[in-house]
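Let me begin by presenting the structure, written as structure tokens, before commenting on it.
The values are calculated or read from the model by the stated rules, or taken from the named source; none is laboratory data. From a predicted model like this one, the values you see are computed outputs, not experimental measurements. For neighbour counting, all protein chains shown are included, and Cβ atoms are generated from backbone atoms with ideal geometry for every residue, glycine included. Please note that ligands, DNA and RNA were not included when accessible areas were found on the heavy atoms of the full protein model with its side chains. Shrake-Rupley method; radii C 1.70, N 1.55, O 1.52, S 1.80 Å.
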Amino acid sequence: MQPQSYYRCWVEVDLAAIRRNVAALRHRIGPARKLLAVVKADAYGHGLTQVAGALMQTDIHGFAVATLAEALTVRQLGGAGWPILLFGAALPFELDKLVEQSIIPTIGSVAAARELDQVAAAHNRRVAVHVEIDTGMGRMGLWHEDAPAQLHEIQTLPHLRVTGLYTHFPSADENLDVTRQELATFTRLAEPPLLRHAANSAALLNLPESHLDAVRPGLLLYGILPALCGDNAAAASHDFTPALTFKSRVAFVKDVSAGRSISYGQTFVAPRPMRIATIACGYADGFSRHLSNSAEVLVGGARCPVVGRVTMDQVMVDVSRVADVRSGMEVVLLGRQDPEEITATEMAGWAGTIAWEVLCGITKSARVPRLYRGTAAA
Ligand SMILES: *Cc1c(COP(=O)(O)O)cnc(C)c1O
């Protein structure tokens, strides 16, 4: 019996697909550029330990994370050798640990640089840092107009060594004209030998001139395409494979007559006699309540609409078109069940959110076990 036979609701992650996605990224950026694998948020819900382990078997240069805890997990897993960039501002009480563990912090102000310089001095260390330039994101970084003078000041601090400079695009998946301007602003400021990087997944696909010295894909590592791919869409969907499948099971099947209502608030009333399956998965498992009356799930390879509100532990779907639906049958909520496939981007559209949040939401739940395939490199 397969272990997943025991589960009501689970995630399968194909690590071989992630390694293939790295190869597809490498093909696009060429042999010379560095690849920083973005593994924040538990590797976009895929599991940081397992994903980082798989990525260490590829030709990536290093990792990028959002929190110190994530950085330490990667450090522990891979030993001292791997460059680990921490996005976002480190908190004051995190600086000692960062320095001790040789995590590369992002510096976004002269004040933060001074503070780190002092901590580095106390450790008798010279700390490699990347400086972020704000070209329009408005989250952190040196505002680009002030950047030349401030960068100069940071570079004079004796215990810091600025090794990289980067910017982050706010709308590379929505507005390429604005993104091109931000890139131009950034490249005017950033000169070799600093490692210059800007491209998230959307820029990586849509704007090859943004590849610079290194790229920082998250989404594409996991095989998810950004919302805007333009001319790249067909080739990209061929090159990248989603690594995560979210599954559950049929728990109950019933026939209802026209006029019967389904679920809380009675927002769905059967327009005709229907066969309704109750699936063993709800918003507590990461199947968002925003999917009420809007999502589809795959049963027997067919798309079946969610009817009524998603509840905490169960969701009802219309399986009238599927023959022979029984309790225990596997249901795909996200991923492929031939010949159909539901992508994170499609599910995000139903829920009024973005693919990133869909992925993080599923495995936030302690109730959803993750199973791994492709653990060993071929
Ligand atoms: C999350 C993040 C990325 C990766 O973005 P994707 O769109 O998932 O490729 C890159 N850079 C920064 C600064 C980020 O915060």
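What is the set of long-range amide H partners of Tyr372 at a cut-off below 5 Å, with H atoms built 1.01 Å from backbone N?
Under 5 Å from the amide H of Tyr372 lie the amide H atoms of Val13, each far enough along the sequence or on another chain.
Using only Cα atoms, figure out Rg for the stretch 113-214 and give it as a multiple of 2.2 N^0.38 Å. Mind showing how you got there, number by number?
On the way: Rg = 14.5 Å, N = 102, 2.2 N^0.38 = 12.8 Å.
Normalised Rg, Cα atoms only: 1.14.
Pop a pseudo-label 7 angstrom from the Cα along the beta-carbon direction at both His152 and Arg125 and give the gap in nm to one decimal.
Output for this residue pair reads 3.0 nm.
Along its principal axes, what span do the Cα atoms of the stretch 19-173 show, with the longest given first and each in whole Å?
Between the extreme Cα coordinates on each principal axis of the stretch 19-173 lie 42, 34, 28 Å.
Tell me, what % of the accessible area of the stretch 222-346 is carbon and sulfur with a 1.4 angstrom probe? List each step's numbers first, then the result.
Values: 2740 of 5520 Å².
Here it works out to 50 percent.
For the stretch 292-378, divide the Cα radius of gyration by the Kirkwood radius and give the resulting Rg/Rh value with two decimals.
0.98
Using a 1.4 Å probe, what is the accessible area per residue for the chain, in Å²?
About 43 Å² of surface per residue is accessible.
What area, in nm² and to one decimal, does the C-alpha convex hull of the chain cast on average over all directions?
Projected area, direction-averaged: 20.5 nm².
Points 7 angstrom from Cα along the Cβ direction at Arg367 and Gln57: gap in nanometres?
Between Arg367 and Gln57, the simple spin-label model gives 3.3 nm.
Pull the list of the chain cysteines that no other Cys approaches to under 4.7 Å, Cβ to Cβ.
Those would be Cys229, Cys304, Cys360, since no other cysteine Cβ in the chain comes under 4.7 Å of theirs.
Starting from the Cα-Cα distance between Asp338 and Asn175, subtract it from 0.36 nm times their residue separation and give me the gain in nm to one decimal. Display every interim value, and only then the final one.
Details: separation 163, 0.36 × 163 = 58.68 nm, distance 3.42 nm.
Full extension of this stretch gives 55.3 nm more.
For a paramagnetic label modelled at 7 Å from the Cα of Arg275 toward its Cβ, which residues of the stretch 329-365 fall within the zone defined by backbone nitrogen distances under 18 Å?
329-332, 339
Can you work out the Karplus-derived ³J(HN,Hα) for every residue in the stretch 142-152? Use 6.51 cos²θ - 1.76 cosθ + 1.60 with θ = phi - 60°, whole Hz, and x for glycine or proline.
Values per residue, Gly and Pro as x: 6, 4, 4, 5, 8, 5, x, 5, 5, 4, 4 Hz.
I'd like the per residue volume of the convex hull spanned by the Cα atoms of the stretch 242-308, given in cubic angstrom.
Value for the stretch 242-308: 103 Å³ per residue.
Each residue of the stretch 114-120 in turn: what ³J(HN,Hα) in whole Hz from Karplus with 6.51, -1.76, 1.60 and θ = phi - 60°, glycine and Pro shown as x?
4, 4, 5, 4, 5, 5, 4
Hey, got a sec? Which GluC sites (Glu not before Pro) in the stretch 160-263 land in a DSSP loop and have at most 16 other Cβ atoms within 10 Å?
Numbers: sites: Glu174, Glu182, Glu209; in loops: Glu174.
Sparse-neighbourhood loop GluC sites (Glu not before Pro): Glu174.
Between beta-carbons, use under 10 Å as the cut-off and find the net charge around Leu334, counting Lys and Arg +1, Asp and Glu -1.
0
With all protein chains present and a 1.4 Å probe, how do Arg139, Arg75, Arg309 order by accessible area, largest first?
Largest accessible area first, the residues go Arg139, Arg309, Arg75.
Output needed for the stretch 131-281: three equivalent-ellipsoid semi-axes, defined as square roots of 5 times the C-alpha gyration tensor eigenvalues, in descending order, whole Å.
So the three semi-axes of the stretch 131-281 are 49, 17, 15 Å.
With +1 on each Lys and Arg Cβ and -1 on each Asp and Glu Cβ, how big is the dipole of the chain about its Cα centre, in debye rounded to the nearest 20?
1080 debye
Find out how many positive minus negative residues lie around Leu221, taking Lys and Arg as positive, Asp and Glu as negative, among other residues whose Cβ is under 11 Å from that of Leu221. Display every interim value, and only then the final one.
Details: positive: Arg19, Arg20, Arg216; negative: none.
Neighbour charge sum, excluding Leu221 itself: +3.
Distance check, please: which entries in Lys40/Lys247; Lys97/Lys247; Lys34/Lys97 exceed 32 angstrom between their Cα atoms?
Over 32 Å apart, Cα to Cα: Lys97/Lys247.
Please identify the trypsin sites (Lys or Arg not before Pro) of the stretch 238-297 that satisfy two criteria: DSSP loop assignment and at most 16 other Cβ atoms within 10 Å. Which are they?
In loop regions of the stretch 238-297 (DSSP not H, G, I, E or B), the sparsely surrounded trypsin sites (Lys or Arg not before Pro) are Arg260.
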